[in-house]
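Undergrad: Could you have a look at this structure, given as structure tokens, before my questions?
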Amino acid sequence: MQFKVPQFLEIEDKIFGPFTFREFAYLAGGAGMCYVLFKLLGIWLGAIPILAVAGFSAALTFYHPNGKPFINMVEAGIKFAMQSKLYIWKRHQIKMSDKKQEEAKATANFKNEMLNQNGVKLSGSKLRDLAWSLDILDLKK
């Protein structure tokens with residue numbers, strides 16, 4: 001028994017001339033918004049908002065970056081702007097002269113001696129883990 005497998009599922013049907021229903025809705029909605037702005041603001045005050053709405057409507061209808069609808073790019077941009085972000089800073093090692101390296105080792109040794117005298121011992125890995133857990137603490141949850 002043979003079954004017909006649907007093909008070209010991602011291609012929308014052209015309903016209104018050369019436009020799909022979605023493209024026609026973008027054009028009609030943009031034209032309606034331009035008309036409302038024209039009636040409310042007039043031609044001189046409303047020129048910039050009318051051009052902005054018409055350009056956005058035209059981009060939604062005709063602009064397909066990488067073969068995908070422009071609305072997908074707009075949606076991704078809004079999601080990126082709204083979500084919380086985690087910034088991690090990495091210190092870059094700076095090359096020092098021999099004299100400065102000796103001074104840095106001396107101060108590090110002095111700090112270690114002071115910590116050992118006070119009875120506080122934190123190894124580098126434990127201290128790094130503690131700093132990492134404090135850096136990524138999410139107070140929103």
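Undergrad: Taking the condition surrounded by 13 or more Cβ atoms within 10 Å (Cβ to Cβ) and of a type in the set (S, T, N, Q), does residue 20 pass?
TA: Against the criterion (surrounded by 13 or more Cβ atoms within 10 Å (Cβ to Cβ) and of a type in the set (S, T, N, Q)), residue 20 qualifies.
Undergrad: What are the pairs with Cβ atoms under 8 angstrom where one residue, in segment 1-28, is touching a residue at least 12 places away in the same chain (Cβ under 8 Å) and the other, located anywhere, is polar (S, T, N, Q)? Sequence gap at least six, or different chains.
TA: What qualifies is 19/61; 23/61; 26/57; 26/61; 27/57; 27/61.
Undergrad: Go through the residues of segment 115-127 one by one and say whether even a single one is modelled with pLDDT of 80 or more and part of a helix (DSSP H, G or I).
TA: No, segment 115-127 has no match at all.
Undergrad: For segment 29-39, what are the residues that are within 32 Å of the chain's Cα centre (by Cα) and without any contact (Cβ under 8 Å) to a residue 24 or more places away in the chain?
TA: 32, 34, 37
Listed here are the residues, each with its yes/no results for (1) surrounded by 12 or more Cβ atoms within 10 Å (Cβ to Cβ); (2) within 30 Å of residue 28 (Cα to Cα).
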position: 52; (1), (2): yes, yes
position: 60; (1), (2): yes, yes
position: 65; (1), (2): no, yes
position: 71; (1), (2): yes, yes
position: 74; (1), (2): yes, yes
position: 80; (1), (2): no, yes
position: 91; (1), (2): no, no
position: 97; (1), (2): no, no
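Undergrad: How many of the residues in segment 67-110 are part of a helix (DSSP H, G or I), of a type in the set (S, T, N, Q) and closer than 30 Å to residue 10 by Cα?
TA: Residues that pass the stated criteria total 1.
The values are calculated or read from the model by the stated rules, or taken from the named source; none is laboratory data. No experiment lies behind these values; they were computed from the predicted model shown. Glycine also receives a Cβ, built like all others from the backbone with ideal geometry; neighbour counts cover every protein chain displayed.
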